[in-house]
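See below for the structure under consideration.
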Amino acid sequence: MFNKVDQSKTPIFEAVKRYIADDIIPFHVPGHKHGHGLEELTAYIGETAMKMDLNGMRDLDFANNPTGVIQEAEHLLAQAFGAEHAFLLVNGATSGVHTMIMSACNPGDQVIIPRNAHKSTIGAIILSGAMPVYVQPEIDERLGIATGVSVETMRQTIRDHPHAKAVFVINPSYYGMAPDLKSIVRLAHRSQMAVLVDEAHGAHMPFHDDFPLTAMEVGADMSAVSLHKTSGSLTQSAALLIRGDLIEQHAVKQSLSLSYTTSASYLLLCSLDLARKQMALKGHELLEETLALARWAREEINQLDGLYVPGRELMGRPGFHDIDETKLIVCLRGLGLTGYEAERILRQQYNIQIELSDIYNVLPYISIGDTKETVGTLINAFKDMVANCPKGQDRMSTIIPQTPKMIVSPRDAFYSPKKVVRLEQADGEIAGEMIMAYPPGIPVICMGEKITTEITEYIKVLKAEDCELQGAVDPYVDHIRVLGMA
Ligand SMILES: Cc1ncc(COP(=O)(O)O)c(C=O)c1O
């Protein structure tokens, strides 16, 4: 019989509180010993936070091999998210993405991956030795961003690669666009392929019906969720969810333990415990409020001349099955500003820091932490910005480059000899490193791909916009490492 668990329990948090109440004399790491060894930080963040900064021990369980309070907390989290098993993560959804691919694929196995996947997916490909079969997501030309992979594209790719071991899906994208995950799961499972889902931006979705269906709800095999992004826990805390019998739990545990720290932070673990409890007990109510705020902002901003915030009207296009309305894509093309310019204006003139910007858009993230006041400030900032911005033309003719061709696998490229060339001289070379605008962390060029003039020109535009470019050894990307002898 199905046993409902008591979601008001917070076993890790309770154990930590007991440890602190016992006033134990610590002859164990961390060496700051309840904050005495780092007084300036203790004075700033408080003694309790420093006392909670503990390491694995019998009373508190061990995150690498949970048999006590962490095991109980994982069980509670699994139930809350509709999974059969959950692992608590302290190195972001990144470690979940690595583990999903490493446990589903052996070296040489094919895995179907959308080319707009986050850099953690490319990292997983290199670590596992799996061979990526890239699929193209649909592109929304007006917004200049990728939406999702259409069911048709997925069907054809599965047909063309019947021996692939797994299909990797992003649900939803950084911008809140979700593919038809249910149909993709059906297609993949008919071909005995595991479905691995990057839900870094979807950790709140199981708790309110107005969000896209989640991986666990539609029978996918694994999902990595960043609770720190949308469910209230501390930065870096996340979870890996599993269900079904295509993936063996012991293989997941083994892959995870390769890179799992042996010093998991109890601040992070406690925050996962409390965030899970809050979402399980009050998530619907909190998200009802969050959605109301996001819908209000969308409506208000859409009335402003020159701005456009896409919403439900775009749903139903190929690759864009559903939307997470809390992600507000504010398209500025009609105002003649780039997203990067708007981000700077919002920061410098209105003291607002948004989540990300790209050539055409900014993305303020609305979450359970927002209030009428914060969202009102955002709306007013956009109103003021529009009132004070001389109406420009849509001067952005930047062409988002075609996805480059993969010449060698990312893993082979990673281990190949490399030489350094100037960016302008990289045309025709094979990239030896990935370069991405961060956020969103989607590679413009991935290692092993052929560099084209379009790509170098696009990188130059991003550099001119002072966009944060990551992945290259040269932090300013004046040079790039390509395959070849130095
Ligand atoms: C789509 C996507 N997947 C995975 C990640 C990695 O998540 P984390 O930062 O929790 O490691 C991110 C982070 O931004 C992301 O945007």
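Here are some residues: 232, 219, 202. Which one is assigned by TED's automatic domain parsing to the domain that holds residue 79, assigned to a loop (DSSP other than H, G, I, E, B) and either in contact with a Pro (Cβ under 8 Å, 6 or more places away or on another chain) or acidic (Asp, Glu) (or both)? Talk me through it step by step, then tell me what you get.
Working: 232 fails: either in contact with a Pro (Cβ under 8 Å, 6 or more places away or on another chain) or acidic (Asp, Glu) (or both); 219 fails: either in contact with a Pro (Cβ under 8 Å, 6 or more places away or on another chain) or acidic (Asp, Glu) (or both).
Every option except 202 fails the conditions.
Being on the phi > 0 side of the Ramachandran plot and surrounded by fewer than 22 Cβ atoms within 10 Å (Cβ to Cβ) is the filter here, so list the residues in segment 283-326 that pass it. Explain how you work it out, then say what you get.
First, pick out the residues of segment 283-326 that are on the phi > 0 side of the Ramachandran plot: 306, 316, 319.
Matches in segment 283-326: 306, 316.
All but one of (1) of a type in the set (Asp, Glu); (2) at pLDDT below 95; (3) surrounded by 20 or more Cβ atoms within 10 Å (Cβ to Cβ) hold for residue 468, so report the exception by its number.
Among (1) of a type in the set (Asp, Glu); (2) at pLDDT below 95; (3) surrounded by 20 or more Cβ atoms within 10 Å (Cβ to Cβ), the lone unmet condition for residue 468 is (3).
Pick from 379, 354: which is in a loop (DSSP other than H, G, I, E, B), in contact with an Asp or Glu (Cβ under 7 Å, 6 or more places away or on another chain) and of a type in the set (A, V, I, L, M)? Lay out the reasoning, then the answer.
Working: 379 fails: in a loop (DSSP other than H, G, I, E, B).
Of the residues listed, the single one that is in a loop (DSSP other than H, G, I, E, B), in contact with an Asp or Glu (Cβ under 7 Å, 6 or more places away or on another chain) and of a type in the set (A, V, I, L, M) is 354.
Mind listing whichever residues of segment 150-181 are over 14 Å from residue 114 (Cβ atoms) and either under 20 Å from the mean Cα position of the chain (by Cα) or outside the structural domain of residue 214 (by TED's automatic domain parsing) (or both)?
176
Restricted to segment 353-366, and to residues that are hydrophobic (A, V, I, L, M, F, W, C) and farther than 21 Å from residue 228 by Cβ, which residue is surrounded by the fewest Cβ atoms within 10 Å (Cβ to Cβ)? Full working, then the answer.
Initial filter on segment 353-366 (hydrophobic (A, V, I, L, M, F, W, C)): 354, 356, 359, 362-363, 366.
Of the ones still in play, those that are also farther than 21 Å from residue 228 by Cβ are 359, 362.
On the way: 359: 21, 362: 26.
Filtering first and then ranking leaves 359.
Considering only residues that are within 16 Å of the ligand (Cβ to nearest atom) and among the hydroxyl-bearing types (Ser, Thr, Tyr), look in segment 174-211 and name the one that is nearest to residue 324 (Cα to Cα).
The selected residue is 175.
Which one of these does residue 349 not meet: (1) farther than 30 Å from residue 63 by Cβ; (2) under 23 Å from the mean Cα position of the chain (by Cα)?
(2)
So which of 402, 349 ends up being surrounded by fewer than 18 Cβ atoms within 10 Å (Cβ to Cβ) and at pLDDT 95 or above? Steps first, answer last, please.
Working: 402 fails: at pLDDT 95 or above.
The unique qualifying residue is 349.
If I ask for residues that are without any contact (Cβ under 8 Å) to a residue 40 or more places away in the chain and either touching a Pro at 6+ places or on another chain (Cβ under 9 Å) or at positive phi (or both), which ones from segment 327-343 would you list?
328
Output the number of the condition that residue 444 fails; it satisfies all remaining conditions of (1) modelled with pLDDT under 90; (2) within 16 Å of the ligand (Cβ to nearest atom).
With respect to (1) modelled with pLDDT under 90; (2) within 16 Å of the ligand (Cβ to nearest atom), residue 444 is out only on (1).
Residue 271 - would you say it is of a type in the set (Ser, Thr, Tyr), within 16 Å of the ligand (Cβ to nearest atom), out of contact with any strand residue (DSSP E or B) (no Cβ under 6 Å at 6 or more places or on another chain) and part of a helix (DSSP H, G or I)?
Numbers: of a type in the set (Ser, Thr, Tyr): yes; within 16 Å of the ligand (Cβ to nearest atom): yes; out of contact with any strand residue (DSSP E or B) (no Cβ under 6 Å at 6 or more places or on another chain): yes; part of a helix (DSSP H, G or I): yes.
Judged against the criteria, residue 271 is a match.
State whether one or more residues within segment 223-245 are in contact (Cβ under 8 Å) with a residue 60 or more places away in the chain, of a type in the set (Val, Ile, Thr) and away from the ligand (no atom under 16 Å from the Cβ).
Looking through segment 223-245, at least one residue is in contact (Cβ under 8 Å) with a residue 60 or more places away in the chain, of a type in the set (Val, Ile, Thr) and away from the ligand (no atom under 16 Å from the Cβ).
Confirm whether residue 185 is part of a strand (DSSP E or B), free of Cβ contacts under 8 Å to residues at least 60 places away in the same chain and among the aliphatic types (A, V, I, L, M).
On the way: part of a strand (DSSP E or B): no; free of Cβ contacts under 8 Å to residues at least 60 places away in the same chain: yes; among the aliphatic types (A, V, I, L, M): yes.
The answer is no for residue 185.
The values are calculated or read from the model by the stated rules, or taken from the named source; none is laboratory data. Just so it is clear, the model here is predicted, and its values are computed rather than measured. Every residue, glycine as well, gets a Cβ built from its backbone with ideal geometry; the counts of neighbours run over all protein chains shown.
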